[in-house]
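Before any comments, here is the structure.
The values are calculated or read from the model by the stated rules, or taken from the named source; none is laboratory data. Source: prediction; values computed, not measured. Positions of Cβ are backbone-derived with ideal geometry, glycine not excepted, and every protein chain shown enters the neighbour counts.
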Amino acid sequence: MKFINTVKLFLKQKLDLIHNERVKKNLLNALPFWLGALIAGAVAVLYAQLFAWAEHATHYIYHQASWSFFIISPICFVIAWWVVVKYAPFARGSGIPQVSAAIELSSPKHHIAIKSLLSLRVIFIKVVSSLVMVFGGGVIGREGPTIQISAAIFKKINDYLPDWYPKISKQNMIVTGAAAGLAAAFNTPLGGIVFAIEELTKTHFSFFKSALLTGVIIAGLTALNFLGPYLYLGYPSLEGVGKMVVFPILIVAIVTGIIGSATGKIILTIFKKKKALTKQYQQLLFAATCGLAIAALAYWVDSSVFGSGKEIMTETLFSHNKNVAWYVPILRILGSIISFSVGAAGGIFAPSLSAGASIGSLFGGWFQLSEPATNLIILCGMTGFLTSITRSPFTSSILVLEMTNSHNVIFYIMLSGLLANLVANMVSRTSFYDHLKEQYIHEVRTMQNKPTNNKEKPEDNELKGSVSAD
């Protein structure tokens, strides 16, 4: 705290040297967003590298001793679940519903509630739990967690602003942090902006467009300076796609819309059933059983069940091995359901993309399409499945476009997103993320209304939050 106070005093002294009040006000309003974006970009790069190392370690150990995952997976699943339950219950799951809940609760009277959802403790536990989980073979991604981590960084900077500082909307800081996190995680600045508008808030864009744009740009450039110019996936061949490809695209969009929405409903049903496990040892056994299930699928079926599934996307898009085995989509979907149900930290963005890619690849083989047409079907499958989970068709379309630089087929991809969204809404009117957001809002409000022991710090109430599995 002494260091922070020294920085605040130094900043005030330097700003006092600026005599133009308009310039000073604009600079003061921009500085927190710039600082947050720099930190979020650097943290996103570090987290991505750690996540990649954990995934590589998983596959290395599997190829050396595949049987060992009957020990490794249950232990890792239990540890990943336990650290969340013990230290930060709201670090569980993806992170996007927590950010949405924090935005909805962003008012002074909900200060403690938001602190439970976005804090330094949540950042640390999110990273630790997800890394342990993916090392154990968990079918999770880092993109959702990166969004919550980045939003927490921006929120913390807002908390540290001194009393003399111009008031900056906490909601705008959280929204910008989340958008910057997505931009840094995928290297997709437009995706970050569209995500903020479509998924996170109904606030009019013009109210905070400058802050949002600069935050996304700075976070993206920070990641770019560490990693160099790159696409999240790469440049798939899409030349010479025939017009008749629209018919398999429509089928894939419908299938991914149904399956993706059903996947979310199954996970939510498991959460409800898990509430019957009132004893902690019962939840521990559940986590261990999930770990054994993942190990069994990997050992007796295929190791493609492990991890985020990015290697499935890259192999089907950029090699001549376009068509996956019939069971790969089943493995990816089952793996997501099992892993997400544990209650540890981990996102569903990348697993959804890999599930959609495997479905698209399978249909490309069934229809005996050319290599470029199969690539397009894979991209449409990715868009459709992600849309069915998020119910954000434009965000999903822009993300897939930016991560593969496939703007020449933008209309096909957007068509698949819109159709998948329509079909998913027929299966379930409320999105998977919205269900979880409402649950988090209910939990934090319940926690806030509980009487607090005078000997406890307010933030310690976070440890007393619900330990349900989402």
Determine which member of the set THR387, THR383, THR374, THR430 is farther than 30 Å from LEU118 by Cβ and either in contact with a Gly (Cβ under 9 Å, 6 or more places away or on another chain) or in a loop (DSSP other than H, G, I, E, B) (or both).
THR374
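It is to be established whether one or more residues within the stretch 440-450 are among the polar types (S, T, N, Q), buried (at least 22 other Cβ atoms within 10 Å of the Cβ) and assigned to a helix (DSSP H, G or I).
There is no residue in the stretch 440-450 that is among the polar types (S, T, N, Q), buried (at least 22 other Cβ atoms within 10 Å of the Cβ) and assigned to a helix (DSSP H, G or I).
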Qualifying residue in the stretch 102-109 (condition: at pLDDT below 90 and of a type in the set (Val, Ile, Thr))
yes
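Would it be correct to say that LEU213 is surrounded by 14 or more Cβ atoms within 10 Å (Cβ to Cβ), modelled with pLDDT of 90 or more and not in a loop (DSSP other than H, G, I, E, B)?
Criteria not met by LEU213.
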Check whether at least one residue in the stretch 247-258 is at pLDDT 95 or above, under 15 Å from GLY335 (Cβ atoms) and of a type in the set (Val, Ile, Thr), and report yes or no.
no
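Just checking, does the stretch 360-369 include any residue being within 27 Å of ILE125 (Cα to Cα), of a type outside the set (Ser, Thr, Tyr) and at pLDDT 90 or above?
Among the residues of the stretch 360-369, not one is within 27 Å of ILE125 (Cα to Cα), of a type outside the set (Ser, Thr, Tyr) and at pLDDT 90 or above, which makes the answer no.
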Just name the residue that is farthest from PRO97 (Cα to Cα) out of those in the stretch 371-403 that are in contact with a Phe, Trp or Tyr (Cβ under 7 Å, 6 or more places away or on another chain) and among the β-branched types (Val, Ile, Thr).
ILE377
Kindly check whether there is at least one residue in the stretch 417-430 that is at pLDDT 90 or above and either within 20 Å of ALA179 (Cβ to Cβ) or touching a Cys at 6+ places or on another chain (Cβ under 6 Å) (or both).
yes
Name the single residue, out of those in the stretch 50-72 being hydrophobic (A, V, I, L, M, F, W, C) and surrounded by 22 or more Cβ atoms within 10 Å (Cβ to Cβ), that is farthest from TYR281 (Cα to Cα).
PHE51
